[in-house]
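Below is one structure; the comments refer to it alone.
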Amino acid sequence: LRELFSKVNGGSAVTVNLEGHVVSGGRFRAEMNLTVLVGKGPLSATVSPNPLNPDATLSFLTLKSGQVIVSVFDSGGRLVRTLQNEAGSPAGYHEVTFDGRGEKGERLGSGVYFYKVETPDGVATGRFVILK
């Protein structure tokens, strides 16, 4: 796992292969896709794929339950969409799908956008790109 974390910069999806022996004498092999979140603070979030075309998933982990607000802003700092505003969100792993559309359902143009995730654990911000 140490090698896996050294290859991941800021969060990424990786494939992990598990192999071993079963107590009954057989062998097993399994392949899993994992999203590894690596951050500098108590809360980190990642967007994958980035750039997105036409959609992406924003992933984050919360340690406390409570209100979670996930927002998307354009390069001018204007709110273009609120993806989630949930008062009683449980602690745990969260995924929010973003379809590249604004609040009124319009397709957003190519460019750099920003996300903000507000939770009881803190605030995480980042950027992503929409390519058409």
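Structure notes:
- From the list Leu61, Leu43, Leu83, the one residue that fits, being in contact (Cβ under 8 Å) with a residue 60 or more places away in the chain and surrounded by 15 or more Cβ atoms within 10 Å (Cβ to Cβ), is Leu43.
- Residue that is modelled with the lowest pLDDT [pool: residues in region 86-102 that are assigned to a loop (DSSP other than H, G, I, E, B) and open to solvent by 20 Å² or more (accessible area, probe 1.4 Å)]: Ala91
- Residues satisfying the stated conditions in region 103-127, i.e. assigned to a strand (DSSP E or B) and open to solvent by less than 40 Å² (accessible area, probe 1.4 Å): Gly111, Tyr113, Tyr115, Val117, Thr119, Gly122, Ala124, Gly126
- Asp74 being among the charged types (D, E, K, R) and open to solvent by less than 50 Å² (accessible area, probe 1.4 Å): yes
- Within region 11-37, tally of residues that are open to solvent by less than 60 Å² (accessible area, probe 1.4 Å) and at pLDDT 85 or above: 3
The values are calculated or read from the model by the stated rules, or taken from the named source; none is laboratory data. Here the structure is a predicted model, which means the values were calculated and not measured. Glycine gets a Cβ as well: all are built from the backbone with ideal geometry, and neighbour counts include every protein chain shown. Quick note on the areas: whole protein, heavy atoms, side chains included, nothing else; ligands and nucleic acids left out. Shrake-Rupley method; radii C 1.70, N 1.55, O 1.52, S 1.80 Å.
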